[in-house]
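The values are calculated or read from the model by the stated rules, or taken from the named source; none is laboratory data. The structure displayed is predicted, hence computed values, not measured ones. With ideal geometry, Cβ positions are generated from the backbone for all residues, glycine too; neighbour counts draw on all protein chains shown.
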């Protein structure tokens with residue numbers, strides 16, 4: 001059974017956007033937000049929901065930048081000064097487990113070879129099964145309801 005590791009996006013190139021005013025953010029297609037509930041503001045860096053009162057940016061992100069027919073971007077939240085998630089192998093955090101998740105498995109040519117929608121509590125089993133197939137290079141997880149990119153799963157040998 002193949003193991004996996006979930007990872008968020010690199011905050012490095014994005015954190016400087018927090019220093020911009022509203023007009024500067026708008027020029028990047030981004031907007032500042034403050035979390036006003038415990039759910040609804042999932043940070044794609046730390047792979048956890050922002051706490052009430054935390055500052056975030058909502059911005060477009062190329063989650064699939066590959067030169068393939070599946071090249072894609074979409075909106076993501078990032079928290080100010082977010083630290084990248086450090087998850088254990090095969091760990092599915094509450095950020096994923098408590099949502100309906102769309103999974104998209106990609107091959108080495110960055111094309112989708114399998115996809116499924118399921119309760120987040122079932123994600124680990126699907127990832128194990130897909131990553132057992134070495135034609136699957138990686139998997140993207142998305143919020144099934146809003147379609148937003150959540151994180152990436154890679155095989156751990």
Checklist entry - Being in a loop (DSSP other than H, G, I, E, B) and surrounded by fewer than 19 Cβ atoms within 10 Å (Cβ to Cβ), is that true of even one residue in segment 13-22? => result yes
Checklist outcome for this item: Here the residues within segment 130-152 that are part of a strand (DSSP E or B) and more than 23 Å from residue 40 (Cβ to Cβ) are 138, 139
Next on the checklist: Among the residues of segment 115-129, are any at pLDDT 95 or above and in a loop (DSSP other than H, G, I, E, B)?
Outcome noted: no
Checklist entry - For segment 23-46, which residues satisfy the criterion of being surrounded by 13 or more Cβ atoms within 10 Å (Cβ to Cβ), part of a loop (DSSP other than H, G, I, E, B) and under 19 Å from the mean Cα position of the chain (by Cα)? => result 30, 35, 41, 44, 45, 46
